[in-house]
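The values are calculated or read from the model by the stated rules, or taken from the named source; none is laboratory data. Everything numeric in this text was worked out from a predicted model, so none of it was measured. Cβ: placed from backbone, ideal geometry, glycine included. Neighbour counts: every protein chain shown.
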Amino acid sequence: MSEKNELALYEDELREKKSSDNKVNQYSKYADQIYYESSVTPDIKLAMTVYKPEKPANISVTTHGWHMSMEKYEPREDKPYSSGLSIHVDMRGRAFSEGKPDCNGYELMDVIDAVEYVKKHYADYILDPAVVFLIGGSGGGGNVYELLNKFPDYFVSAAAMFGISDYARWYQDDYAVGEFRDEMDVWIGCSPDENPMAYQSRSGLHGVKNLLTPLFIGHGETDERVQICQARLYVDAAEKAGKGDLISYYEMKGVGTRNHTGNITDEQKATMGRMRNENFKYTTPIEIPEKGSFWVHGYLVTKHFEVWLDSIDKVADLTYDLASGSFELTCPVPVTYKIILKK
């Protein structure tokens, strides 16, 4: 069976799941499936599963792979979650969430909306609401790279495993035309040749100067679906941007087939787990510099201000000074924008 036919069947399954889903919250002692509202797209319901610990713990949030959705909800009555209060987000337009995928566009706001919902409604399970960990692999790893661009002071530490840092390069390198490229044509709405900026606005690589969060990157040398260049390019760009001290990188020799971790050894698996966990020892909330510069990939949200461009497909360079309250924005194409100051 071809990859195209497999994808068509998968999309049929998603439609069937959505038609039978009545968007009702489900609860059990240690796991809840919750529907919440988007703060940027009116009238759509988004889904997440919240896994609860035995006693108050820190928050971690994760997203799923490119072709995937969060797991089907299963009640959890007798086993608390061991990795803190864990939020599994179903990206918009997938099996359980309404809306349309937009590949690291407004769908990344859905992740923040999920965390903010949990902070409000699960306060008794949270040790420190300012401490939020971020983790993702494959398509979720691509989300991690760009979430750190759009929300540079939100996450205390993060891990991106076999993630996509440059969607234009991934589009060009797509080894099986149709497995990923066709969806980028729809979810982004164009090819990188037609609109390079739309791909920049979604790619962690382009906005690496925004990085303030300690980040672990794990990637297999021979990964076929997300090629090793995605990690190498990001690590190199971070070094050149003076961000190398924030990166912990593990490249796994001989690892990767059509499965990201194909051929992985027990030792490599243990090393990746150890390095990822060591990175999650960083628990100090991030503070942006009093003055500086950020890339705005469609939008930028910090604790002190937000910048919203008139399109998620546009990129602008922002220079700011919190003390004077000055903001200067440059964009290579005409753009309108709004700046929201926070107290």
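Please count how many residues of the stretch 142-185 are over 17 Å from Pro196 (Cα atoms) and under 18 Å from the mean Cα position of the chain (by Cα). Residues that pass the stated criteria total 22.
Considering Glu224, Glu179, which residue is charged (D, E, K, R) and touching a Ser or Thr at 6+ places or on another chain (Cβ under 8 Å)? Just one listed residue meets the conditions, Glu224.
The set of residues in the stretch 204-244 that are over 20 Å from Ala316 (Cα atoms), in contact with a Lys or Arg (Cβ under 6 Å, 6 or more places away or on another chain) and free of Cβ contacts under 8 Å to residues at least 40 places away in the same chain contains only Glu221.
Residues that are assigned to a helix (DSSP H, G or I), within 23 Å of Val132 (Cα to Cα) and not polar (S, T, N, Q) within the stretch 204-230 comprise Val208, Lys209, listed in sequence order. Residues in the stretch 44-62 that are over 18 Å from Val131 (Cα atoms) and under 17 Å from the mean Cα position of the chain (by Cα): Leu46, Ala47, Met48, Thr49.
Within the set Ser83, Ser39, Ser28, Ser69, the sole residue that is over 13 Å from the mean Cα position of the chain (by Cα), more than 30 Å from Tyr167 (Cβ to Cβ) and among the polar types (S, T, N, Q) turns out to be Ser28.
Scanning the stretch 99-115 for residues that are within 17 Å of Asn25 (Cα to Cα) and free of Cβ contacts under 8 Å to residues at least 60 places away in the same chain turns up just one, Val115.
For every residue, the table says whether it meets (1) at pLDDT 95 or above; (2) in a loop (DSSP other than H, G, I, E, B); (3) out of contact with any Gly (no Cβ under 6 Å at 6 or more places or on another chain); (4) hydroxyl-bearing (Ser, Thr, Tyr).
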| residue | (1), (2), (3), (4) |
| --- | --- |
| Tyr36 | yes, no, yes, yes |
| Ser39 | yes, yes, yes, yes |
| Asp43 | no, yes, yes, no |
| Met48 | yes, no, yes, no |
| Val61 | yes, no, yes, no |
| Glu71 | no, yes, yes, no |
| Lys79 | no, yes, yes, no |
| Cys103 | yes, yes, yes, no |
| Val118 | yes, no, yes, no |
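Out of Ile264, Ile312, Ile288, Ile247, one residue alone is touching a residue at least 60 places away in the same chain (Cβ under 8 Å) and over 19 Å from Tyr199 (Cα atoms). It is Ile288. Scanning the stretch 157-203 for residues that are part of a loop (DSSP other than H, G, I, E, B), farther than 27 Å from Ala316 by Cβ and in contact with a strand residue (DSSP E or B) (Cβ under 6 Å, 6 or more places away or on another chain) returns a single hit, Phe162.
Applying the set (1) in contact (Cβ under 8 Å) with a residue 24 or more places away in the chain; (2) surrounded by fewer than 19 Cβ atoms within 10 Å (Cβ to Cβ) to Ile126 leaves exactly one unmet item: (2). Exactly one residue out of Thr330, Thr336, Thr319, Thr283 is touching a strand residue (DSSP E or B) at 6+ places or on another chain (Cβ under 8 Å) and closer than 23 Å to Phe133 by Cα: that is Thr283. Scanning the stretch 191-206 for residues that are surrounded by 24 or more Cβ atoms within 10 Å (Cβ to Cβ) and out of contact with any helix residue (DSSP H, G or I) (no Cβ under 7 Å at 6 or more places or on another chain) gives Ala198, Ser201. Exactly one residue out of Glu267, Glu251 is assigned to a strand (DSSP E or B) and either exposed (fewer than 12 other Cβ atoms within 10 Å of the Cβ) or assigned by TED's automatic domain parsing to the domain that holds Pro196 (or both): that is Glu251. Within the stretch 252-307, restricting attention to residues that are within 30 Å of Tyr337 (Cα to Cα) and of a type in the set (Phe, Trp, Tyr), the residue that is farthest from the chain's Cα centre (by Cα) is Phe305.
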